[in-house]
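To start, the structure itself, in structure tokens.
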Amino acid sequence: GLEAGATNYEPVLGASVPPEWIGPTVSGGADSRIAWATLGREGRRHAATHVRPTPLPSRPEGIPDLSIHTVMGRSARATPVQVYVGLDSGPDARTRVALALAELDRTDAWDRSLLMLISPTGTGYVNYCAVAAVQYLTLGDVATVTLQYSKRPSPLSLGRIGAAREQNRLLMLHVLERLRDRPADRRPRVVLFGESLGAHTSQDMLMHWGTLGPQALGIDRALWIGTPYSSKWMRQVTGAPRPDVDPTLVGVFNDHAQYTAMAADDRARLRYVMVSHDNDGVTKFGADLVTSRPRWLSPGRPPVQEVPGASPRGVPPAMRWRPLTTFLQTLIDMKNAQVPGAYRAWAHDYRPDLARFIRDVYGLPASDEELIRIEQALEKREAARERLFSAPPAGHDSDTGSTVPR
């Protein structure tokens, strides 16, 4: 039933949509190698809500003009490329990767200055704020590519982690093979992004390679939000010293102020950044809580600290590790962390964090004034998107998702 809901058409995004909604550089459009029907609910939403370089001549009622030209106050350098391959777009990983490469060829994505490889959450959801932020910051000079690996919510997609890892790895290796043959001055920088289970599956393709792996493969930067505790790569690069790990390249932060508090030289060395809220149960829950005390519950941990406009730091001092009890308590915390809510940095919601981290981690220059305009636009986009995809009348046969679909 969940998988059927993930492929149903919605009232606003039916079997066909106005051509101007899906531009020539977006998968699912008229010239795309990927059929609109195979994108699934999340892929169709992703395609319809891309940032336009200039205002649309007509927009749905209540949808504001938040084009690159309007928000940034200057012309776009290029039209953003958005490649999305649904699970139904091809029968196996090899076919889906071949489709993604064909879409990158069709849209001239290789000529963009930034190539962003995204691993979605279990349903195929891609964080709209992350994609829009990078499209604004690059003035459209970016290509994003996403491969769906499941149609189920993340907790029910854990059995797909291995398939997602191999599919992501196949895509990454083919992309890097293509780029190797291009002149250095025409080679886009490659960055990674993933959220929640998407962060896990994105990191998993680097498992056992430490920080040497992404460096050797030519991955310039990576940003992951809400990384699940079960990610082995995350635990390898943040745990005991390893010969293949340079700890100065990796950082885990609760909020952007914590990131900027680092010494400038140390911050400049960072390449692979994880944003994990201290009150996000997804980043804390693991089976080993049954038998052992985790590092985040060590006796000397700092007290909880409120951070204006950000998720609070620290773990409440009253929380202590107890066999089985802590496991069950954190399981409930993990479930509650994923409940949709207001637009704020809290628990498993990282939307307001993204513009600043994307600017700094990916090295995309923008003035503070421009950043504020982008952040305001992202919040307006989320409100408009929620209205656009709001629940249809009672009895309608569609699965509408939520404010923060997983």
Q) Which one of ARG160, ARG74, ARG267 has the biggest mean-square fluctuation once the chain is modelled by GNM with Cα springs under 10 Å? A) ARG74
Q | Inter-probe distance in nm under a simple model that places probes 7 Å from Cα toward Cβ, at HIS174 and ASP288 | A | 3.6
Q: State in Å² the accessible area per residue of the chain; use a 1.4 Å probe, count heavy atoms of protein chains only, and round to the nearest integer.
A: 42
Q. For TYR9, TYR362, what's the largest-to-smallest order of accessible area, 1.4 Å probe?
A. TYR9, TYR362
(Q) Only four residue types carry charge here, +1 at the Cβ of Lys and Arg and -1 at the Cβ of Asp and Glu. Report the dipole size of the chain about the Cα centre in Debye, rounded to the nearest 20. (A) 740
Q) What percent does the relative contact order of the chain come to when contacts are Cα pairs within less than 8 Å and at least six residues apart? A) 15
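Count neighbours as other Cβ atoms within 10 Å of each site's Cβ, and list the GluC sites (Glu not before Pro) in region 21-117 that are DSSP loop with at most 11 such neighbours.
Here the sparse-neighbourhood loop sites are GLU61.
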(Q) Let's test the formula: R0 of 35 Å, r as the Cβ-Cβ distance of LEU56 and MET262. What FRET efficiency results, to the nearest 0.05? (A) 0.30
Q) So how much slack lies between LYS335 and LEU158, counting 0.36 nm per residue of separation and subtracting their Cα-Cα distance, in nm? A) 62.2 nm
Q: Can you tell me how much longer the chain between ILE63 and ALA318 gets when fully stretched, taken as 0.36 nm per residue apart minus their C-alpha distance, in nm with one decimal?
A: 87.2 nm
(Q) Suppose the chain between ALA240 and SER75 were pulled fully straight at 0.36 nm per residue; how much longer would it get relative to their current alpha carbon spacing? (A) 54.6 nm
Q: Quantify, in whole percent, the carbon and sulfur part of the accessible surface of the chain (1.4 Å probe; protein heavy atoms only).
A: 55
Q: Among [x] 89, 55, 51; [y] 59, 56, 45; [z] 74, 57, 37, find the value of Cα extents along the principal axes in Å that was calculated from the structure presented, and write down its label.
A: [y]
Q. Over the heavy atoms of LEU289, what accessible area does a 1.4 Å probe trace out, to the nearest 10 Å²?
A. 0
Q. Just the Cα atoms of region 42-87, one point each, no solvent: what log10 I(q)/I(0) does Debye give at q = 0.13, 0.20, 0.30, 0.32 Å⁻¹?
A. -0.34, -0.74, -1.14, -1.19
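The values are calculated or read from the model by the stated rules, or taken from the named source; none is laboratory data. Please read all numbers here as calculations on a predicted model, not as lab measurements. Note that we place each Cβ from the backbone using ideal geometry, even for glycine, and neighbour counts take in every protein chain shown. All accessible areas refer to the heavy atoms of the entire protein, side chains included, with ligands and DNA or RNA removed. Shrake-Rupley method; radii C 1.70, N 1.55, O 1.52, S 1.80 Å.
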